[in-house]
Amino acid sequence: MALLKNVPILKRILDIGYTMLLVIFLSAIVGLILAFPVMWLWNYVFGVIYTINVFQAWALNVLSGILLGSNTRGK
């Protein structure tokens, strides 16, 4: 790692990589936490017919975000 401290561009790339990994990890954790209410609501409404686990609720959250997400184009 001493070599990286002597080359500023490599240190900057490594710092950006660590930051990106941290953002991806935190996004996954927050997504899983937000999947629990979806799972509980789904199992409450459709529990007699079909129950889902937390990873299926997470996938349902992602899918609904893709399909029903906000439009980013300005007026």
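Derivation of every value follows stated rules applied to the coordinates shown; laboratory data play no part. Please read these numbers as outputs of a predicted model, since none were measured by experiment. Please note: Cβ atoms are built from the backbone with ideal geometry, for glycine as well, and neighbour counts cover all protein chains shown.
Sequence-distant contacts, meaning Cα pairs under 8 Å at least 6 residues apart, place the relative contact order of the stretch 16-75 at 30 percent.
Axis of helix 54-68 versus longest Cα principal axis of the chain: the two differ by about 80°, to the nearest ten degrees. Compared with the dominant Cα axis of the chain, that is its longest principal axis, helix 8-46 is turned about 10°.
Projected label points at residue 28 and residue 48, each 7 Å from Cα along the beta carbon direction, are separated by 3.9 nanometres. Volume per residue for the stretch 6-75 equals 117 cubic angstrom (convex hull of Cα atoms).
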